[in-house]
1. For residues that are within 14 Å of the chain's Cα centre (by Cα) and part of a helix (DSSP H, G or I), scanning just the stretch 127-148, find the one that is surrounded by the fewest Cβ atoms within 10 Å (Cβ to Cβ).
2. From T71, T128, T64, T51, grab the single residue that is within 16 Å of S10 (Cβ to Cβ), of a type in the set (S, T, N, Q) and touching a residue at least 12 places away in the same chain (Cβ under 8 Å).
3. Can you pull out every residue in the stretch 74-92 that is farther than 20 Å from E48 by Cα and either in contact (Cβ under 8 Å) with a residue 60 or more places away in the chain or touching a strand residue (DSSP E or B) at 6+ places or on another chain (Cβ under 8 Å) (or both)?
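What follows is calculated from the coordinates using simple rules that are stated; it is not laboratory data. These figures come from a predicted structure and were not determined experimentally. We place every Cβ from the backbone using ideal geometry, glycine too, and count neighbours over all the protein chains shown.
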Amino acid sequence: AKQKGWQQGSFNLDIGGGKYDHGVRFLKGHGVESHVLDPYNRPKEHNEKVTSLVKQRGGADTVTLFNVLNTIKEPEIHQQVLQNAHGHLKAGGSLWLSVYEGNKTGVGRQSKSDAWQRNERLGSYLKTVRGVFPNAQIKNGLIHAIKQ
């Protein structure tokens, strides 16, 4: 956690974190307060509470976006997700993004009846991320960017 830029006492927003709190518990073990914002896997009331908390704090110190973009077929939705992350970050805050690369062919496919997998390598997302975070780079196996 420290290698990835999370500081004890900081506030993280996990966008698309799913219905379980694995990341929240992991970061808590490192002294980081983390909350999940996920419109597909969390109730509306939960997401509204988290959004309100982020606003009260003046934004998040860090935003994690782990294994989200690889499940979204439409590139325009990628931009919306990244704009959402940008909007929730404090100035100077960090975005940390990972993707599941699947079979790494770059050929997307339906992975379940209600799920999509892009099968793209991490580096293929860099241009998209730079559309919102121009300073994005690959660092320690993740895409990292700072809100300027």
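1. Out of the qualifying residues, it is T128.
2. T64
3. G92
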